[in-house]
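Laboratory data are not the source of any read-out in this text; all were calculated from the coordinates shown. Values in this document were obtained by computation on a predicted structure and should not be read as measured data. Neighbour counts are summed over all protein chains in view; Cβ atoms, including those assigned to glycine, are modelled from backbone coordinates with ideal geometry.
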Amino acid sequence: MLEVEGLEVRYGAVRAVRGASFAVARGELVALLGANGAGKSSTLMAIAGAVRTAGGSVRLEGADVTGQRPERMARLGVATVPETRDVFPDLTVSENLRLGAFTRRDGAAEIAGDRARFLDRFPILAERADQPAGTLSGGEQQMLVIARAMMARPRVLLLDEPSLGLAPVVVDRVFGMIAGLKAAGLTILLVEQNARKALSVADRAYVMRLGRIEAAGLAAELGTADALKALYLGSDA
Amino acid sequence: MARNLATLVILGALIAALAIGAEATGVRLFERIAITLCISLVLVLGLQVFMGNSGILSFAHIGFMGVGAYTSAVLTIPAQMKGMALPDLYPFLSGVQLSPYLGILAGGLVAAAVAAAVVYPLMRLSDAASVITSFALLVVLHNVMTNWSSVTNGPRTLFGLPKATTLPLAAAVAVAALAVALAFKESRTGLLLRASRDDEIAAAALGAHIPRLRWRAFVVSALLAGIGGGLWGHFITSFSPNAFYLKETFLILAMLVIGGPNTVTGAVAGAFVVTAAYEGLRAVEGAINRAGIFREQVVGLTELTLAVAMILVLVLRPGGLFPTREIGHHLFPARRAR
Amino acid sequence: MRWLQFAIDVLSLGSAYALMALGLVIVYGILRLVNFAYGELIMVAGYTMYLVSGSGLPWLVMAACAVLMSVVAGIATDYVAFRPVRNKTITAVLITSFAFSTLLQNAALLFISPRPRPVPLPEIFSRTVEIGGVVTPARNLITIAVAVVMLGLFSWLMRATVLGIAMRAAASHFTMARMLGVPANLIISSAFAISGLLAGVVSLLWIGRIGTVVPGIGLEPLLIAFIATVIGGMRSLQGAVLGGFLLALIDTSLNYTLPQELLKFRDAFTFSLVILILLWRPEGLIKGPASGRRT
């Protein structure tokens, strides 16, 4: 579904991503792990088109989509949830969801139906449907932005650090939502610092360090304590 | 420090060369252009003190030039002339007649005082709000100058200023302004201000109170503007409030923007370049009109061309001719640490 | 009876001011860019009316042309003064629009005339109307009515249409809106087009008070829009409207209360009061869309 080859991202003189290559098959949940500054978010943002690539290629179902603008990626069925969450704070929860369906061409009834289904499945959002999204708690906002991304009925979902800044109980709830999306067959690329949580829902994972992919494997293998320690502290620790 | 001295010396020498050269040719036109250029230097350097350090655009600068010019006028017009020039002037002022040099200085001080009294609230505003409020301030200053007839002769021309601005005087003041601008840039206020542009929180941790710093920069800037206004008044000897409004604001901004607002060298370079372009275009416009090429008089061609030039500069080289480093730094770059 | 007169004056002036302010804020709110050429959108409408005045078309058709030209000029401002410098410093953008403003004014000076030119007005503007014992130009009431309609339309656009919601979203998080598929260029062009539309409509009402157009006619409305926006809160649409009415209240009150000799300094007094308001509330009366970024 998604193939990344030799991706390069630079911020001025700094090389944030140095030749990253990986793939995500249809229906897979692949995790991109690593410590702070490893280049995971930059990779995700480059795929999404929000950040310029300095080299390499990104292919979506075989088609080259490297360096496309964010609007175009959205129209191609790539939904992105950035690290900063970016709810639109002055729009209501309902309006946020409605905007999520911006790229859809099917009828208003279908869209409204989806919105009703999300509100149904996540009563906490339904409760606050007409409140400005800026008044929601961190966890509620995270669920809102994921639901908003899903309103587009995307082919691929890019998630950047959904657990950031959230209490463990809330993280569980968010990851429950993510697991549900995976179970429904969605292709997901998940960037996370919380390796344990990420590996609990992922099929496969890659580990990034200083802009490069240093390890790859099945989630089950990487989930062992030794492997995780090596991931974060480096094999020469 | 040495590099700043180098900048001062190089630019000062440039101004001196201009002055000596123009005087040496003996051509009145060149002398006039040189004096105008020196006065523009004083004004642009003044604007640079505020804009270059705080990073905020100010449209009010030329308004303070007007304050300086009118202050000096009121204090220096010979008593006999005052009766005709300013018939309604307040009695306590009609007897006053100072030397033009004191008048120019007073102009600067009054402009600085007005700035000090009025602009503090603007310094607390966000960047964009501050800019547009400064624009409103320009309009208000113009409004006051146009309507306070007893002091300014209203919208009519005020005449009678003694002609005291010679080329040596203008050049000397320009060099002094240069020194002030460089000194301010490297002073504690200047450094803190520039630091606060990049990171407000870190600068605050160093003790920077940003509105107060901006206020200081603005007051110094107004002082220079007022002095520039006084200089100009004693050069041209008669003027009206419309000399301190949008067209002049546009020209001064063009000079600073094209030269580079962040550096003193930029201010100087911009003044030279734009003055040359302006005089050149005016000559062209005059030639077109004399030759009668078009049915009607061509007016506004100069400003139009400059406007296009400004847009081009901003697109192609947004930092101006000297975006970050003074000329002293260009010629004597810092050695890289090993 | 004085009160009724006062109320009508404030409401009609405030209506014009509010529309002016709104036209400015809609670009600022989304793009964080101050459009110095905004006054020239009003000038363009005025000159269009002058240029088509000999055509014999009914006034409404001429007015529609004028408004259309303002919309076109608004979109042109985007392409000339904003897009080329979109990613440069904020100062660069401010100055390009100022330069474009100078360019347009001097173009009018050069290609039309520096002298005032007459603008055709509909016959209804010169009629007067009596309400509750107060005689007032019909134009004032028309201004209020037009403002109510335009503000209503605008409000509906922002709340009920997808475009409006997208524009409001873009005002808080432009990139995120793009990641949802909202085309950046469409949003920006729409903002400028709406700005031009409002400028065009206001132009007809504003010039209707004087009947002539000069190159510098946009300066006063620009200033009004600036002040109203700053006191209302830089990025809030409601703030701009509120600021417009508040400014009209201040101006009209000063008109009524200042002694004759001080009346010509009215703008200086208005400005002083505005400074006081800003001393008390530097961010303006109404906070704009939250975004956490420096405005």
Query raised in the report: Given a cut-off of 26 Å, what percent of all Cα-Cα pairs of chain C lie beyond it?
Result: 45 percent
Query raised in the report: On average, how many beta carbons from a partner chain sit within 10 Å of the beta carbon of a residue in C:83-95?
Result: 6
Report task. Take the alpha carbon atoms of the range C:169-227, find their center, do the same for the range C:65-132, and report the distance between the two centers in whole angstrom. Result -> 10 Å
Report summary line: For the range A:44-140, listing GluC sites (Glu not before Pro) in a DSSP loop whose Cβ sees at most 16 other Cβ atoms within 10 Å gives A:E61, A:E83
Query - Under 18 Å from B:K163, Cα to Cα: aspartates and glutamates that are on another chain or at least 8 residues apart - result: B:E23, B:E31
Query raised in the report: For the range B:193-317, what is the Kirkwood estimate of the hydrodynamic radius, computed as the reciprocal of the mean inverse distance between distinct Cα atoms, to one decimal in Å?
Result: 17.5 Å
**Report entry** For the protein assembly as shown, fraction of C-alpha pairs farther apart than 51 Å, in %
**Finding:** 27 percent
Query - Mean Cα-pair separation over length for the range C:2-216, i.e. relative contact order, pairs under 8 Å, 6 or more apart, % - result: 40 percent
**Report entry** Cross-link reach list, lysines versus A:K40, counting only Cα pairs under 23 Å and skipping chain neighbours closer than eight places
**Finding:** A:K182, A:K197, A:K229
Query raised in the report: Which of the trypsin sites (Lys or Arg not before Pro) found in the range B:56-159 are loop residues per DSSP with 13 or fewer other Cβ atoms within 10 Å of their Cβ?
Result: B:R156
Report summary line: Other residues with Cβ under 12 Å from the Cβ of C:G211 give, with Lys and Arg +1 and Asp and Glu -1, a net charge of +3
Query raised in the report: With springs only between Cα atoms under 10 Å, which of C:Q238, C:Q260, C:Q105 fluctuates most in a Gaussian network model of chain C?
Result: C:Q260
Requested in this report: Compute the Rg to Rh ratio over the range B:109-233 from the alpha carbon atoms, using the Kirkwood formula for Rh, and round to two decimal places.
Outcome: 1.04
Query raised in the report: B:H209 versus A:R75, label points 7 Å from Cα toward the beta carbon: distance in nm?
Result: 5.5 nm
**Report entry** Rough spin-label spacing in nm, given labels placed 7 Å along Cα→Cβ, for A:E8 and A:R196
**Finding:** 4.0 nm
Query raised in the report: In debye, nearest 20: dipole of chain C around its Cα centre with unit charges on the Cβ of K, R (+) and D, E (-)?
Result: 760 debye
Report task. Starting from the Cα gyration tensor of the range B:70-110, multiply each eigenvalue by 5, take the square root, and state the resulting semi-axes largest first in whole Å. Result -> 17, 10, 8
Report summary line: Here, trypsin sites (Lys or Arg not before Pro) of the range A:1-101 satisfying both criteria (DSSP loop; at most 15 other Cβ within 10 Å) are A:R26, A:R52
Query - Tail weight of P(r) past 31 Å, computed on alpha-carbon pairs of the range B:2-241, percent - result: 27 percent
Requested in this report: For n ≥ 4 DSSP H runs only, could you compute -39500 (n - 2.57) per run for chain A, divide by its residues and tell me the 222 nm figure to the nearest 500?
Outcome: -11000 deg cm²/dmol
Requested in this report: Give me a single rounded figure for B:255-267: the average over its residues of other chain Cβ atoms within 10 Å of their Cβ.
Outcome: 1
Query raised in the report: Using modelled backbone amide H atoms (1.01 Å from N, in-plane), which distant-in-sequence or interchain residues come within less than 5 Å of A:T80's amide H?
Result: A:L158
Report summary line: At R0 = 25 Å the Cβ-Cβ FRET efficiency linking C:R83 and C:L163, nearest 0.05, sits at 0.80
Query raised in the report: Can you give the helix-only mean residue ellipticity at 222 nm for chain B, where every DSSP H stretch with n ≥ 4 adds -39500 (n - 2.57) and the sum goes over all residues, rounded to the nearest 500 deg cm²/dmol?
Result: -24500 deg cm²/dmol
Query raised in the report: Build a GNM of chain C with springs between Cα atoms under 10 Å: which of C:F174, C:F82, C:F111 gets the top mean-square fluctuation?
Result: C:F111
Report summary line: Placing one equal point scatterer on each C-alpha of the range A:2-233 and summing with Debye, one gets log10 I(q)/I(0) at q = 0.17 Å⁻¹ equal to -1.26
Requested in this report: Could you please tell me the mean projected area of the C-alpha convex hull for the range B:179-251, averaged over all directions and given in square nanometres to one decimal?
Outcome: 6.3 nm²
Report summary line: Listed residues A:L199, A:L136, A:L32; largest mean-square fluctuation, Gaussian network over chain A with Cα springs below 10 Å, found at A:L136
**Report entry** For the protein assembly as shown, share of DSSP beta bridges that run antiparallel, in % to the nearest 5
**Finding:** 60 percent
Query raised in the report: Size of the dipole of chain A about the Cα centre, Lys and Arg at +1 and Asp and Glu at -1 on the beta carbon, nothing else charged, in debye to 20?
Result: 320 debye
Report summary line: For the range B:260-266, Karplus-derived ³J(HN,Hα) couplings (6.51, -1.76, 1.60; θ = phi - 60°; whole Hz; x for glycine and proline) come out as x, x, 7, 10, 5, 4, x
